[in-house]
Amino acid sequence: MRDLSQLYYATNREIRDLLLSGKQRITENVLLELLRDRGMLCSPDEPRDALVERLSMLTHDYTDVCGLLERRESPRRGEKTSTISIDIPLTPEELKEFIEEYQKDESNEKVTHYKKSTDEFVMNVTYFDPDYSKTRLLQWQERNATIEFVKKDGRTELRLPATDKARAIVDNIKERVEAKKKMPVTLEEIELTNLTSAEDRTTFFTKLISSLPHFPLENVSRLRVAHSKSKDLSEDLDIEDEEVEDAAEKMLGVVENVALSGENLVASEMYQELKEKGFYITSITWRARQNKDPYTIVEFDAGFEDKEDAKRFRYSVHGVLRLKHGTYTKHLRQVDDDEKAKLLGLIEETARKVLEELLAVTQVAPDAAEQADGGV
Amino acid sequence: MKRYRWLRAKWPISMRVLAKRLKANGFDDGKTNGFVLDRVRDDFLEARFIERVEYDDTIVDPFGKEISFHRIDYKQCEFRATVDGPGLELVNAPRVIQATISGLAEASEFGLAIGPLNLNVLAWAKGIQRLMNDGGIVDSVQIGAIELAPGITAKALIRGTTDVLAASNRFVDGKKHEIEKVQLKIPGSRRTTIILASNGTARIDSDAPSDTVVSIRAALQELLRKSPGPMVLSISS
């Protein structure tokens, strides 16, 4: 239920700000249409400001304001997904219990849940997230967080939006599970904290894009790389004079991260040069063409929210290009939920596998080196 | 007409190793894309990247009846990877070559660096003339970005029945310009025309003698050896 103290009426200034701030969605044509609905015909040459001013001075009832807000709302296309795995299996019945408890405590939020299959459970939380950087009417927007729980091989895998709120909900549920089961529960995310070398971090992404089952790499169109900061520097001997030198060094022209966009970026000279200079990939956007019917081209995106420590892996499916009469559609189309879930599942599975393989290799390598040293 | 395109490519692995990797990702019946190796030597490799696309094409007849055909399309991209010279040569490449490049990048464990060429196309043409020993003339030149006044540029196509270079020089008259394309006419027994572009492409008549492309390659290699980086273009006679 919405907090009653948050209910207020919209003044003409607020409606004006709302209309003025959404230049892309509230276009001149939309404004002319809104005015026409009120029986006012305006010249198409009239400036935007004047149209907004005229419209905001009219009386708006609750549904009118809702209508404006709806038009102003941006589609949630860019939302990224994240995955967390819990090291114990949770059945839908158990989850239902935890989620109902959560609902009881968090009365400001609206929680719905349903059992998708014998091993899958979905919870949806509707909450308000204030964003004070926006104009007043848009500060309190309703948001949704859908968290999917899948019981798999003695573990529970979660798919959630890559937002702080969704992570907070998961932490809250984890605490409830711990209290109920009376045992510590660990949440595992895909993170490269144990892979500190630039080479290993880049390999994680290159392996991910080249080993998605049935989706061979077609093109890498966006790439973000960051420079690996040598952690050894902080362990230098602390001599005062050197500290001063270090401070002076920081002021030099230093490139910390670079965003590239273009075609076939991983094979570009620029990227190879950056790689040689110690830069590693922190996020990547790539297209892959399905190697079986219907040969769809999918644009994926994957990266780390915390670039420096390579933590909080998040990913998304931007859209697809469909094959129609032998040629592909020009613009990316939205993917329906079922297909999206399958594609996201592919990334999760592949990312986990690649990380496991990489960790196995890096753990074996030092062991082998130690043995070789011992032999000498 | 046969189209060749050269790209600057630096291979991190030897041609033999590359061949092995391409073979591992070979195109066979069960796959929808992969490589087919044609020739492998220590210093070069010739192969093709093939993609198969299957789809149902539906046609509506004049009576409104729908007929569906199952179609299979093959897209091929022939290429030659070399240790010396520019590094990668594409033959009759389709417009979209991203999948081929991605396949090659994967085969070289993402260590392959590819970049476009920016050549002095006149020097290239001269090199070809010298290597062919057949003289030949430049009978067309396409010049772009001729600076007429600050902020005003022109593009010109100069054609002739004799060599057009001297006339082009007079036309440009010391103004800033870029030579985009050159057409070379080879007379005599080799009788053919070659169109060269500054981005490293060459078009040759399909009935041209088979060693024509060998001379074009050799001239390009020579040119790159002299000036490996991008350069400023200018007409010099």
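The values are calculated or read from the model by the stated rules, or taken from the named source; none is laboratory data. Everything numeric in this text was worked out from a predicted model, so none of it was measured. In this analysis, Cβ positions are derived from the backbone assuming ideal geometry, glycine residues included, and neighbour counts consider all displayed protein chains.
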Does segment B:14-65 hold any residues that are within 20 Å of B:GLU109 (Cβ to Cβ), part of a strand (DSSP E or B) and either over 22 Å from the mean Cα position of the chain (by Cα) or within 14 Å of chain A (Cβ to nearest Cβ) (or both), and which are they?
-> B:GLY26, B:ASN33, B:GLY34, B:PHE35, B:PHE49
Odd one out for A:VAL354, checked against (1) away from chain B (no Cβ under 14 Å); (2) within 13 Å of A:ILE209 (Cα to Cα); (3) crowded, with 16+ Cβ neighbours inside 10 Å | (1)
Residue ID - farthest from A:TRP286 (Cα to Cα), chosen from residues in segment B:97-110 that are of a type outside the set (A, V, I, L, M, F, W, C) and more than 7 Å from every other protein chain (Cβ to nearest Cβ) = B:SER108
If only one of B:PHE110, B:PHE79 is in contact (Cβ under 8 Å) with a residue 24 or more places away in the chain and either farther than 24 Å from A:LYS292 by Cβ or in contact with a helix residue (DSSP H, G or I) (Cβ under 7 Å, 6 or more places away or on another chain) (or both), which one is it?
-> B:PHE79
If you go through segment A:284-297 one residue at a time, do you hit one that is under 23 Å from the mean Cα position of the chain (by Cα), away from every other protein chain (no Cβ under 14 Å) and surrounded by 13 or more Cβ atoms within 10 Å (Cβ to Cβ)?
-> no
What residue, of A:SER82, A:SER133, is closer than 24 Å to A:GLU305 by Cβ, assigned to a loop (DSSP other than H, G, I, E, B) and among the hydroxyl-bearing types (Ser, Thr, Tyr)?
-> A:SER133
Hey, can you tell me all the residues within segment A:39-53 that are out of contact with any Lys or Arg (no Cβ under 9 Å at 6 or more places or on another chain) and surrounded by 14 or more Cβ atoms within 10 Å (Cβ to Cβ)?
-> A:LEU51
Applying the selection to segment B:80-96, what residues are outside any strand (DSSP E or B) and more than 10 Å from chain A (Cβ to nearest Cβ)?
-> B:VAL83, B:ASP84, B:GLY85, B:PRO86, B:ASN92, B:ALA93, B:PRO94, B:ARG95
Output for segment A:25-78, where each listed residue is in a loop (DSSP other than H, G, I, E, B) and under 30 Å from A:HIS318 (Cα atoms) | A:ARG25, A:ILE26, A:THR27, A:GLU73, A:SER74, A:PRO75, A:ARG76, A:ARG77, A:GLY78
What number goes with the only condition from (1) surrounded by fewer than 19 Cβ atoms within 10 Å (Cβ to Cβ); (2) at pLDDT 90 or above; (3) out of contact with any strand residue (DSSP E or B) (no Cβ under 6 Å at 6 or more places or on another chain); (4) more than 13 Å from chain A (Cβ to nearest Cβ) that B:ILE128 does not pass?
-> (1)
Check whether at least one residue in segment A:271-283 is closer than 29 Å to A:PHE149 by Cα and either crowded, with 19+ Cβ neighbours inside 10 Å or away from every other protein chain (no Cβ under 14 Å) (or both), and report yes or no.
-> yes
